[in-house]
Every structure is written in structure tokens, then in C-alpha cells.
Amino acid sequence: MNDNAISVNDVVLDYPRKKKGVGFFREILTGRFNKTPRKDRWFRALNGINIEIKRGEVIGIMGPNGSGKSTLLRVIAGIYAPDEGLVEVEGRITLLAGIGTGFNQDLTGRENIKLTGSIYGFDLKSIREMEEGIIDFSGIRDFIDDPIRTYSAGMRARLGFAIISNLEPDILLLDEVMSVGDHEFRKKSRARIEELVQGDATVVIVSHSKSIMKSMCNKVYGLQKGEIVTDGELESAFEFYESEKE
Amino acid sequence: MGVPDSKVLRRDGSLPFFSAPFKILKNLYENRQLLKHFIGRDLKVRYHNSILGYGWSVLEPLALTVTFYILFAILSDSEDPYRPLTILLGILAWSLFAKTFSNGTTCIQRSSSLIQRVYFPREIFIFSKSGYNMFQFLLSLLVIIPLLIHYDMMPSKQILLLPVALIMILLLATGLAFFTSILQTKARDIEHMVTIGLRISFYLSPVFYPLKMITGGRIPSQYTDVYLIINPMATYITMIRSAFTGAPLDIPTTNLIITFTSTIAIFWLGAIYFMRRERKAVKFI
């Protein structure tokens with residue numbers, strides 16, 4: 001059995017430039033369908049990415065905005081299938097990006113816990129076992145049977161983080177999540193992430209914060225225009241990131 | 001645990017082709033728990049915050065039935081002893097089809113926040129709409145019980161037509177939604193086209209009138225054959241009516257075979273199309 005939790009081989013991913021294909025009908029009507037050159041319609045978000053991540057490793061990814069960091073995480077999570085190449089992931093995988101959305105506004109907090117749990121592939125029995133822990137961690141027990149639409153943004157963020165971080169994934173993908181919520185919540189979530197990192201979970205972190213990278217990651221890769229440009233050493237990634245800033 | 005812990009997720013460039021419908025059914029079975037949750041969610045959301053709750057799924061078809069009944073009593077002189085039942089069954093069957101189709105069309109685009117967060121087979125969204133509407137149909141079907149008692153009707157072996165017709169309606173609506181849900185991610189015009197198309201075919205299908213009004217003589221039979229072939233819903237609605245009234249199904253067997261085959265073909269092709277395009281389509285939402 002191979003000990004890679006994640007392996008990404010020569011992955012290429014194109015993203016549509018025009019977000020909505022409104023031109024689609026116009027193209028059919030005017031007979032110009034498919035005549036726009038491919039490079040004008042698609043934008044290469046990932047260009048031949050190769051990463052092997054071993055079980056239990058903590059990997060950081062840094063890079064300027066638009067360099068493909070979030071897209072890479074989504075490809076690893078299986079949300080986008082690569083246009084070329086192969087992604088293999090072994091274990092239960094959770095992507096945590098922009099907490100607190102994806103809830104159903106009309107259901108109560110408790111019902112949303114159940115729904116989210118089942119979306120991540122847990123059966124009813126294990127969801128019931130986790131439910132109390134999640135409610136405790138979120139610290140909003142008084143409101144847990146109210147519909148989500150009555151929650152404040154902070155309460156939604158708390159519940160979202162509590163659910164995801166208590167699912168105990170084998171692989172955790174974090175996209176800039178340590179910079180949301182109030183101060184106290186940030187501290188709490190950071191402690192929880194450190195706990196997960198020290199456990200046997202494989203973690204991939206996307207962040208702009210050098211201190212997070214330094215304190216948690218075994219390796220940090222720099223990403224630029226959809227390509228990995230550093231070798232995984234922390235220092236070279238920081239150097240690359242600094243040079244990008246200027 | 002609901003899923004094996006050593007689940008391997010492989011995503012690459014290869015696409016299923018002829019195996020697509022089987023793959024879809026396999027995914028459906030593996031994610032049945034999730035499917036149940038989605039259906040439950042839709043039902044809960046529908047009945048939360050409404051005073052009548054379940055009443056609404058019954059009141060809407062009832063109100064339409066009363067309207068069409070009065071309209072027919074004024075306009076038409078044809079004699080149909082079971083007219084309220086005919087109209088009610090037509091409306092219930094039609095809304096099962098129309099709602100499955102239109103909800104399915106928009107469900108991928110409307111679920112963008114979920115799709116961008118976690119991967120599971122996206123056809124679950126469409127099937128959850130089929131399941132939800134099927135559930136609604138069965139709930140509203142209860143209102144025909146008083147009518148059946150009134151007419152003193154006992155279900156005969158004709159009732160077996162009911163499950164067949166229901167499965168066919170679901171296959172048809174789901175198969176069509178496989179196409180439109182993908183197209184909808186690229187152009188939001190699709191949902192309006194579906195709405196208009198459904199409105200037109202509501203009047204062109206025997207929803208609030210019996211099929212006999214179309215096949216009953218005024219139109220030459222070669223045209224009614226064409227009509228039955230291009231409008232599978234005409235057959236299925238009539239099957240559901242026969243299931244309860246016990247009246248013989250007045251549709252030639254060849255037509256039935258053609259209708260069933262075309263419905264299964266639509267589902268099959270839709271499944272292939274969906275499996276091939278889904279991965280690209282989610283980039284547009």
C-alpha cells in the first residue's frame with residue numbers, strides 16, 4: 001500500500017473566462033459557435049501541477065491572488081475534475097473555505113448539522129454521536145433549534161467551523177480560514193486546527209500568513225500562474241512570496 | 001461509519017460513455033442516505049413557516065380541479081361520469097412531471113454554494129428533486145380516496161398501470177432534466193424556456209380533458225399516432241386514469257412500446273450527456 005494521501009499528477013485545469021455563457025445562444029444564432037479560439041474562452045488556472053503528499057504531512061501553499069491556490073484545493077477535493085492528469089486521494093476529505101455558507105437558511109442549526117454531516121458521507125448514527133460535541137464547540141446551544149436565517153454572521157461562522165472541524169477528516173484542506181470571525185473565535189479555531197494538525201490528519205493550508213506556515217507546515221510550495229515554482233523548502237517559498245509582493 | 005474510511009477518490013480525464021446510466025444508478029445507491037436527507041430537507045423547508053403545511057400540496061390541485069370542472073360544465077356537453085377524478089388525476093400526474101422537470105433544471109445552478117464546497121455525485125441533486133416530487137405526488141394522491149369511495153370504485157388489477165406510469169414519468173422528467181440542468185449552468189435562459197414549454201404542453205396534453213377528446217374521431221388516426229409518440233405524457237396520464245377507473249387502456253400496443261422505448265432512451269442519453277458534461281458545467285456556476 002502506498003503511503004501517499006494525496007497524489008496530483010500533471011494536472012491541468014482550464015477555467016471559463018466568461019463566467020456565464022450568455023454568448024452561447026448568440027453564437028448559435030449567428031453561426032459563430034465554437035469559432036472563438038479556445039485560448040480566448042478558457043483560462044489555464046493550473047498548468048501541470050505535480051505534488052505528492054504523504055499521510056500526516058502538513059503542506060502550505062502560498063502565492064499571489066489568482067495564482068490557482070483555491071483551484072488547486074478544489075481539484076484535490078474532487079470538486080473540479082482535472083482536464084488533463086490524475087488526482088488520487090485516499091481517505092475522507094474535507095475542504096474548509098469561507099466558513100458558514102452552504103447552510104440552508106430555513107432549517108435550524110441542529111438540522112443543518114445533520115444535513116452537513118450527511119453531505120460529508122456520515123450516517124445518521126455517527127452524526128448523532130458528534131452532534132453534542134459540535135454544539136458544545138460552537139458555543140451557541142441556546143440558538144441551536146432556531147432557523148439559521150436568524151443567526152448573526154458570527155454565529156454562522158462558529159457553527160460552520162464547529163461542524164467541519166469535528167468531522168475528523170483524514171485530509172483537511174484549509175483555504176484562508178484562519179482570518180475570519182472575531183478575535184476570540186480566531187484563537188479558538190486556530191487551536192482546533194493545531195490539534196488536528198498534531199493528530200494524524202493530512203493537512204493542506206492555503207494562507208498568506210508566514211507565521212501560520214512557520215508554526216505548522218512541514219513543506220511550503222509557492223504557486224505562480226498555475227505552476228509550482230519552489231521546491232517545498234519553507235525559506236525558498238517565503239523568498240518567492242516576498243519577491244512577488246514587490 | 002457511513003463510508004469506508006479508506007475510500008479512494010480518483011478523478012481524471014476519462015469519461016464513462018455507455019456505462020453512464022449504470023454508473024448513475026450505482027452512485028444513487030451508494031448515496032441513498034444523502035438522497036434521503038435532501039428529500040427530507042426539501043419537505044421540511046416546504047412545510048416550515050406555513051400555517052397549512054401539508055394542506056397546500058392538496059389545495060393547489062383541488063383548486064385547479066374545481067376550476068376546470070366548472071369550466072367544462074359550462075363549455076362542454078360531453079358526458080364523463082368520472083370527470084372530477086379524470087381532471088384531478090391528470091393534474092396530479094402532470095405536476096409530478098412538470099415539477100420534477102423544472103426543479104431538476106435549476107437544481108445544479110441553485111446548489112452552487114454546496115457544489116463548490118464538497119464533492120459527491122451531482123446527479124444526486126436531480127434525483128433528490130425527483131424523489132421529493134414523487135413524495136409530494138403520493139401525499140396529494142390521498143385526496144382521491146373520498147372520490148373513489150363516492151364512485152364506489154375498488155382497485156382492480158388495472159392498478160398495476162399506476163407504478164409503471166409513475167416510473168416512466170420520473171424517467172422522462174429526470175432524463176430531460178439531465179440535459180437542461182447542464183445547459184442552465186451556461187445560459188440562464190433555459191429555465192424560462194422550460195417554463196414556457198411546460199405551459200404549452202400542459203394544454204396540449206390530456207391533463208384536464210380525457211385523451212378521447214383528441215383520439216376520439218375528429219382527428220385522423222395517423223395524426224393521433226404521431227401525437228401519442230411525440231407526447232409521452234398523454235400515454236402516462238391515461239394509464240394513471242385507467243389504473244383507478246378500471247377502464248381499458250385505449251392505446252395501441254405498438255404505440256405503448258414506442259413511448260416506453262423513447263422515454264428510456266431519453267433517460268439513457270440524458271445520463272450519458274450529464275456524466276460527460278457535469279464536470280465542465282460546474283465551472284460555470
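The values are calculated or read from the model by the stated rules, or taken from the named source; none is laboratory data. Remember, it's a predicted structure, so these values are computed and weren't measured experimentally. Note: ideal-geometry Cβ built from the backbone for every residue, glycine included; neighbour counts use all protein chains shown. Surface accessibility is based on the protein's heavy atoms, side chains included, excluding ligands, DNA and RNA. Shrake-Rupley method; radii C 1.70, N 1.55, O 1.52, S 1.80 Å.
Can you tell me which residue is least open to solvent (accessible area, probe 1.4 Å) among those in the stretch B:30-49 that are among the hydrophobic types (A, V, I, L, M, F, W, C) and more than 7 Å from chain A (Cβ to nearest Cβ)?
Per the criteria, the residue is B:F38.
Quick check on my filter: what residues within the stretch B:82-133 are of a type in the set (F, W, Y), more than 30 Å from B:I70 (Cα to Cα) and part of a loop (DSSP other than H, G, I, E, B)?
B:Y119, B:F120
Could you tell me whether any residue of the stretch B:192-211 is within 14 Å of chain A (Cβ to nearest Cβ) and modelled with pLDDT of 90 or more?
yes
For the stretch B:32-81, how many residues meet the condition of being polar (S, T, N, Q) and part of a helix (DSSP H, G or I)?
4
Out of the stretch A:183-232, which residues are part of a helix (DSSP H, G or I) and of a type in the set (D, E)?
Of everything in the stretch A:183-232, those that are part of a helix (DSSP H, G or I) and of a type in the set (D, E) turn out to be A:E184, A:E194, A:E195.
Return the residue satisfying two criteria in turn: it lies in the stretch A:5-22 and is in contact with a strand residue (DSSP E or B) (Cβ under 9 Å, 6 or more places away or on another chain) and at pLDDT below 85, and of such residues it is most open to solvent (accessible area, probe 1.4 Å).
Only one residue tops the list, namely A:R17.
Starting from the stretch A:44-57, take each residue that is more than 23 Å from A:P169 (Cβ to Cβ) and list its partners that are polar (S, T, N, Q), counting only C-beta distances under 8 angstrom and pairs at least six apart or across chains.
The qualifying pairs are A:A45/A:T71; A:N50/A:N9.
Is there a residue being out of contact with any strand residue (DSSP E or B) (no Cβ under 9 Å at 6 or more places or on another chain), open to solvent by 10 Å² or more (accessible area, probe 1.4 Å) and closer than 18 Å to A:T116 by Cβ anywhere in the stretch A:193-215?
Scanning the stretch A:193-215, I find no residue that is out of contact with any strand residue (DSSP E or B) (no Cβ under 9 Å at 6 or more places or on another chain), open to solvent by 10 Å² or more (accessible area, probe 1.4 Å) and closer than 18 Å to A:T116 by Cβ, so the answer is no.
If you check every pair at least six apart or on different chains, which have Cβ atoms under 7 Å apart with a residue in the stretch B:34-45 that is closer than 13 Å to A:T116 by Cα and of a type in the set (A, V, I, L, M) first and a residue that is open to solvent by less than 40 Å² (accessible area, probe 1.4 Å) and in a helix (DSSP H, G or I) second?
Qualifying pairs under 7 Å: B:L34/A:S118; B:L34/A:I119; B:L34/B:I124; B:L35/B:L28; B:L35/B:I124; B:L35/B:F127; B:L35/B:S128; B:L35/B:G131.
Only one of these is over 17 Å from the mean Cα position of the chain (by Cα) and either at the interface with chain B (Cβ under 9 Å from one of its Cβ atoms) or not polar (S, T, N, Q) (or both): A:I93, A:I79, A:I164, A:I144. Name it.
Every option except A:I144 fails the conditions.
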